[in-house]
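A.B. asks: Supplied in structure tokens, the structure appears directly below.
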Amino acid sequence: MGVKTYNQEIESPVAAARLFKAFCLDNHHVFPKLMPESFKSIEFVEGTSATVGSVRQFNFSDGYQFKNAKNKIDELDLANFYCKYTTTGVDVVDGNCECLVSETKFYPKGRGCVCKMTFHVHPLSGTEFNEEATKMGQEELKKMLKVVEEYLITNPDAYA
């Protein structure tokens, strides 16, 4: 089975630069602070948040559906609000995927932006593809983006 690709676009009233900084570059601080029911911590295994090649380990809260995952930043374009990373970790990719490659780009639109997320799911050879789990993951990311968006709306000086 080949790579499956999914796309989703989410509009936001928050400026692209602010949402990119909070959601992509500083998520190791933002996610555990705003979503402690999901994220226990996010730690760097290699590098820093704003460098290609850095690896972050996401440690999920007790009782959450996953234990941990690792994200490696493959590409980063600060000027164009773009980040591409590879997620590994058997319990996140449902035991039947080699990895999940994600691309996130924020496009300015008026005073806000459009966030375009593209997901490339790389299944393990000989496994059944779990489309429902992928769709649930997309919805979870959308909810996370909306939590960060709400924080930025109520804190207009954050990431300005």
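The values are calculated or read from the model by the stated rules, or taken from the named source; none is laboratory data. Because the structure is predicted, anything quoted here is derived from the model rather than measured. Cβ placement follows ideal geometry from the backbone for every residue including glycine, while neighbour counts extend to all protein chains displayed. With ligands, DNA and RNA removed, areas are computed over all heavy atoms of the protein, side chains included. Shrake-Rupley method; radii C 1.70, N 1.55, O 1.52, S 1.80 Å.
A.B. asks: Every residue in region 121-160 that is among the aliphatic types (A, V, I, L, M) and loosely packed, with under 12 Cβ neighbours inside 10 Å, please.
C.D. replies: Hit for region 121-160 is A160, nothing else.
A.B. asks: Residue check: is E43 acidic (D, E), open to solvent by 80 Å² or more (accessible area, probe 1.4 Å) and not in a loop (DSSP other than H, G, I, E, B)?
C.D. replies: So E43 passes the test.
A.B. asks: Considering only region 1-34, state which residues are at pLDDT below 95, of a type in the set (A, V, I, L, M, F, W, C) and part of a loop (DSSP other than H, G, I, E, B).
C.D. replies: M1, V3 - these are the residues of region 1-34 that are at pLDDT below 95, of a type in the set (A, V, I, L, M, F, W, C) and part of a loop (DSSP other than H, G, I, E, B).
A.B. asks: Return yes when E98 is open to solvent by 50 Å² or more (accessible area, probe 1.4 Å), of a type outside the set (A, V, I, L, M, F, W, C) and modelled with pLDDT of 90 or more and no when it is not.
C.D. replies: In short, no.
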